[in-house]
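Notes for the one structure printed next.
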Amino acid sequence: MDEKIVDVNELRVDDVPFVGGKGANLGELTSAGFPVPGAFVLTTVAYDYFLSKSKILKDIEKELKKIDRTSDSSLTKASERIRKLFETYEIPDDLKKEIVSNYNLLIPKGKKGFVAVRSSATAEDLPDASFAGQQETYLNVNGDKDLFDKIRKCWSSLFTARAISYREKQGFAHEDVKLAVVIQKMVDSEVSGIMFTVDPHSGAKNIVIEAGYGLGEAIVGGEVTPDTYTVDKIKMDISKKRISTQKWKYVRGPEGGCLKEDVPEGLENKQKIDDVRIREIAEIGRQVEIHYQRPMDMEWCIEDGKAYLVQARPITAVGNASCNGGSQAADTNSENIVLTGLGASPGFATGTVCIYEETMSLDVIKDGDILVTKMTMPDMVPAMSRSVGIVTNEGGMTCHAAIISRELGTPCIVGTGNATDLLKNGEVITVDGTTGTVYKGEIKKKDPAEDKTSPAFTAEYIPVTGTKVMVNMSMPTKAEEVAKLPCDGVGLMRSEFLFTNYIGEHPCAVIEEGRSDELISKLADGIAKVARAFYPRPITLRTSDFKTNEYRDMKGGSAFEPNEDNPMIGWRGCSRYVSENYREAFICELKAIKRVRDDFGLKNVNIMLPFVRTVDEVEKVTAMMAQVGLKRGLDLKLYLMAEVPVNIFMAEEFCKHCDAFSIGSNDLTQLTMGCDRDSDLLGRMGYFDERNPGVKAAISQLIRVAHENGKTVSICGQGPSVYPEFAEFLVDEGIDSISLNPDTFVKTKFSIASAEQKIILKGLRELRKKG
């Protein structure tokens, strides 16, 4: 290719050496029929032509050699001198004429229009390095004179301090990198954002979309925290939403450029695009990934109801929360939490806070510091590479800080809101980029090979089982201790303890006094203690299941609870949640769960509904969950307690509305046998016994129907720990998991292992007979 200017329609992805990564990808998208605004590209031939005419190449090389690589100041000054060289010389007249001719095709002469002028380096938007934010982009450029100025600025941005530093860190020789310039018709964005076709934090195969009002520069630069929507790539269902508050946006100025404008008050906390639009943009992303046959990162925008792609590039760095470490290995508790944000780059790091402001020299950030700032700018890459952790006030999963941190392998938390206010220079903090949590002081990760209190070092051997063996939890204060057991998670976390010990009042009384936020905060704190201790092992949180007599005894309870002759089969479980006079209290429970999952980053918390009597109840509760932003998906499972006989008889129907069942053997036995579980007389007479053939038949039927419908079944009653033969029966029936009280865990795990061995031996004997 020897043309100085090429229309984007003529370009393909393999034209990177001539038009850079941005130009090549825009050409590929255009040729494939994706919605891309019109554009043309000044190729690297035009860049070389300018250098040859201006004769500045030797001066550039001299400046690069003079840089003291140990000083950010030396790097910055050399960059300034190099960039001044570009501004000293005009673009040759013949090239100017060619630029104007192509510009007039985009914006017809005499008509007012705007373009974006984007740098497109030959080592940019590549599969192994993004060069995110290293070269410059100018929006809403208007007129010839302004266009020529911005083209030269783009060329010179190849030698910003950040670009020089980044190239050297990534192993690119300066002389091997050239710069093309994309001139693209400007979209006056009402809403804009970024999209990843895999989760950039965890690597999960979901589409992650970020959205904000106005032009996209605020999101890309990490100046605002955008909405985040997660879409299941297979079902194309929206599995998760994180709605942010946006108080301002960038808009086009009257004569071009960008101006800040307040977001109307009623829209600040609203979802930025509706669900239909989310799916539309996700589908565009999915098709782009199919076309490229690899995960992609795209910038999109909407004008007059139409969605456009303005950039696309291969994803260069994906975090892996499961193998980068996190709070699951750390000795932490909620009292140590300073603040939380969005975990943008996984990992665990301790260091000294260095709060950086734009007016400061980057030299203040030393090796081993934790960089705390409002937002990171591309100029800060040299300092980011020295930091062991990064925390920002603003930003989302796709902002500059997030992308560069993942490439550097540095733990990063963005969107905290107020890190620069809460943290102090010189204090020691620990950053958990997996969960998005900042702790005060040094929090050491526990190495199982060094933790002598770990069950791995107990004298007693604990067998491995195919059946998952979990624990029941009530008291969050015991979570750290119980989490040392080699269990598969928490099969039952009872929320009642949180109400009695953390709150101590009837929830409706708390709400009536206008203290809903206090109720939500205390519930979230208790849930988070358990979830954090076991992370990433799953926690199944059973929402509150108080009976009327128990609630009446709580402070303020008598005003809200009726007198019932038989509370055990009265107003409890889901029947409370769907009642207007308790609905608000349940909504507070759901909001607490959402806070733990979204604000604390503890996605290991799942929901279990107790005492479900009808499918209609489940549908209503699911709608209430959706109301607060909790929706069943890959990372949020909905369990139903199977403790009412109707759950067994109508298992096929209930399967359509849940992900799993957990057998509550106490209530199931009580209601199957018509036997009050609290009756000592009937208990002594042998009526209350999980081993009754009728109860076992109900359990067998549930397991069979659930498995036929792709659902799992667990049990969280005390039967398996009391009766080894009952544990053997459950294993033989194919139960998926058994949840036990911690004090019976080791003993019962042996019973389960023994039962599994018997089944294996029995199967081998039958095979031998057949043989």
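The values are calculated or read from the model by the stated rules, or taken from the named source; none is laboratory data. Because the structure is predicted, anything quoted here is derived from the model rather than measured. Cβ: placed from backbone, ideal geometry, glycine included. Neighbour counts: every protein chain shown. For the accessible areas, the whole protein counts, side chains as well, though only heavy atoms, and no ligand, DNA or RNA atoms are used. Shrake-Rupley method; radii C 1.70, N 1.55, O 1.52, S 1.80 Å.
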Excluding same-chain residues fewer than 8 positions from Lys66, which lysines have a Cα within less than 22 Å of its Cα? Lys55, Lys58, Lys77, Lys84, Lys169, Lys178
Please report Rg (one decimal) and Dmax (integer) in Å for the Cα set of region 462-547. 14.7, 52
Ranked by how many other beta carbons lie within 10 Å on average, peptides 643-650, 753-760, 63-70 from highest: 643-650, 753-760, 63-70
Solvent-free Debye scattering, log10 I(q)/I(0), computed from the Cα coordinates of the chain at q = 0.06 Å⁻¹: -0.46
Distance from the Cα centre of region 152-214 to that of region 682-754, in angstrom? 55 Å
FRET efficiency for Leu681 and Leu761 from the Cβ-Cβ distance with R0 = 41 Å, rounded to 0.05, comes out at 0.45
Virtual spin-label span in nm between Glu90 and Val251, 7 Å along Cα→Cβ: 3.8 nm
Checking the cross-link filter: which aspartates and glutamates have an alpha carbon closer than 16 Å to that of Lys249, excluding same-chain neighbours under 8 positions apart? Asp188, Glu190, Glu210, Glu217, Glu223, Asp227, Glu261, Asp262, Glu265, Glu268, Glu303, Glu394
Considering only Cα-Cα distances, which of the following residue pairs are longer than 30 Å: Lys53/Lys150; Lys241/Lys547; Lys112/Lys260; Lys185/Lys240? Lys241/Lys547; Lys185/Lys240
Relative contact order for region 167-229 using alpha-carbon pairs under 8 Å, separation at least 6, rounded to a whole percent? 26 percent
Tell me, what is the per residue accessible area of the chain in Å², probe radius 1.4 Å? 41 Å²
Pairs of lysine residues in region 602-744 - Cα separation under 15 Å, sequence separation of 8 or more or cross-chain: 8
What net charge is computed for the residues neighbouring Val530, neighbours being all others with C-beta under 10 Å from the C-beta of Val530, Lys and Arg scored +1, Asp and Glu -1? +2
Around Asn393, with a cut-off of 14 angstrom between Cβ atoms, what is the net charge of the other residues, counting Lys and Arg +1 and Asp and Glu -1? -3
Centroid-to-centroid separation of region 335-396 and region 523-581 [C-alpha atoms, Å]: 41 Å
Non-local residues with an amide H under 5 Å from the amide H of Lys240, with H modelled 1.01 Å from N and Pro and chain starts lacking one, are Thr230
Relative to the longest principal axis of the C-alpha atoms of the chain, give the angle of the C-alpha long axis of helix 57-66, reported between 0 and 90° and rounded to the nearest 10°. 50 degrees
Report relative contact order for region 481-557 in percent, whole number only (criteria: Cα-Cα under 8 Å, sequence separation at least 6). 51 percent
Between Val615 and Lys112, what length comes free when the chain is fully extended (0.36 nm per residue of separation minus the Cα-Cα distance, one decimal in nm)? 175.1 nm
Rounded to a whole number, what % of the accessible area of the chain do carbon and sulfur atoms account for, probe 1.4 Å? 49 percent
Surface/4 of the Cα convex hull for region 627-737, nm²: 7.9 nm²
Rounded to whole Å and sorted largest first, what semi-axes of the equivalent ellipsoid does the C-alpha gyration tensor of region 332-420 yield via the square root of 5 times each eigenvalue? 18, 14, 13
Restricting to the chain, what percent of DSSP beta bridges are antiparallel, rounded to 5? 65 percent
Mind checking which aspartates and glutamates have their C-alpha under 12 Å from Lys444, skipping anything on the same chain fewer than 8 residues away? Asp331, Asp432
Note down the net charge around Ser737, summing +1 for each Lys or Arg and -1 for each Asp or Glu among other residues with Cβ under 11 Å from its Cβ. -1
Using the alpha-carbon atoms, what tilt in degrees (0 to 90, nearest 10) does helix 580-594 show relative to the longest principal axis of the chain? 50 degrees
P(r) weight above 21 Å for region 575-652, C-alpha pairs, percent: 29 percent
Counting alpha carbon pairs within less than 8 Å and at least 6 residues apart, what relative contact order, in whole percent, applies to the chain? 9 percent
Degrees between helix 615-627 axis and first principal axis of the chain (Cα, 0 to 90, nearest 10): 30 degrees
Please report, in whole Å³, the volume per residue of the convex hull around the C-alpha atoms of region 541-671. 111 Å³
